[in-house]
Amino acid sequence: MQHVLILSTKRINIPASDFIPLVISLIDENEMEIDYFGIEIDNPADYLDEQMKLKINTTSFITIHFECDKIDYGSYSDEAVLNFITDVLRYDEEKEIKADDKDIEIIIDISLKFCNELLQKKGSAD
């Protein structure tokens, strides 16, 4: 099943390379917020309103796509989700990365077994 995690931070200039260390650094420095954690959205443009359009202009988004078995999204704390995605980003799996001057999109080819084990290890919220 395809999942997506959308993180946001105040608008930053994206460097020409070294995207993964930048994202991990922003997470470690508590500069990222979780905007969305759930199933892959078919057409995100269908969900935009005026407030969201304003946020898009002043925010940098890091969108991370990965495949895993079904996830009970509500059972994980923000901290657990950020720890999980940091571990995934550090893991030596194939990553397709697209970036422009303010946003990064990362598609991770992660094994289902590794994803499921990592989610169990991170635990769920109390």
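The values are calculated or read from the model by the stated rules, or taken from the named source; none is laboratory data. On a predicted model such as this, the values are computed, not experimentally measured, just so you know. In this analysis, Cβ positions are derived from the backbone assuming ideal geometry, glycine residues included, and neighbour counts consider all displayed protein chains. SASA here: full protein model, heavy atoms, side chains in, ligands and nucleic acids out. Shrake-Rupley method; radii C 1.70, N 1.55, O 1.52, S 1.80 Å.
Return the residues of region 67-99 that are among the polar types (S, T, N, Q) and open to solvent by 60 Å² or more (accessible area, probe 1.4 Å); say none if nothing qualifies. Break it down stepwise before answering.
Kept after step one, since they are among the polar types (S, T, N, Q), are these residues of region 67-99: 75, 77, 83, 86.
N83, the sole residue that qualifies.
Quick check on C115: is it more than 16 Å from D35 (Cα to Cα), touching a residue at least 24 places away in the same chain (Cβ under 8 Å) and either in contact with an Asp or Glu (Cβ under 9 Å, 6 or more places away or on another chain) or acidic (D, E) (or both)? Spell out the reasoning first.
Working: more than 16 Å from D35 (Cα to Cα): yes; touching a residue at least 24 places away in the same chain (Cβ under 8 Å): yes; either in contact with an Asp or Glu (Cβ under 9 Å, 6 or more places away or on another chain) or acidic (D, E) (or both): yes.
Yes; evaluated as a whole, the condition is true for this residue.
Check whether at least one residue in region 68-78 is under 11 Å from the mean Cα position of the chain (by Cα) and either within 16 Å of L118 (Cβ to Cβ) or in a helix (DSSP H, G or I) (or both), and report yes or no. Write out each step before concluding.
If we filter region 68-78 for residues that are under 11 Å from the mean Cα position of the chain (by Cα), which is where we start, we get none.
No, the conditions are met nowhere in region 68-78.
Looking at E117, is it out of contact with any helix residue (DSSP H, G or I) (no Cβ under 6 Å at 6 or more places or on another chain), exposed (fewer than 13 other Cβ atoms within 10 Å of the Cβ) and more than 16 Å from V4 (Cα to Cα)?
Details: out of contact with any helix residue (DSSP H, G or I) (no Cβ under 6 Å at 6 or more places or on another chain): yes; exposed (fewer than 13 other Cβ atoms within 10 Å of the Cβ): yes; more than 16 Å from V4 (Cα to Cα): yes.
Yes: the conditions hold for E117.
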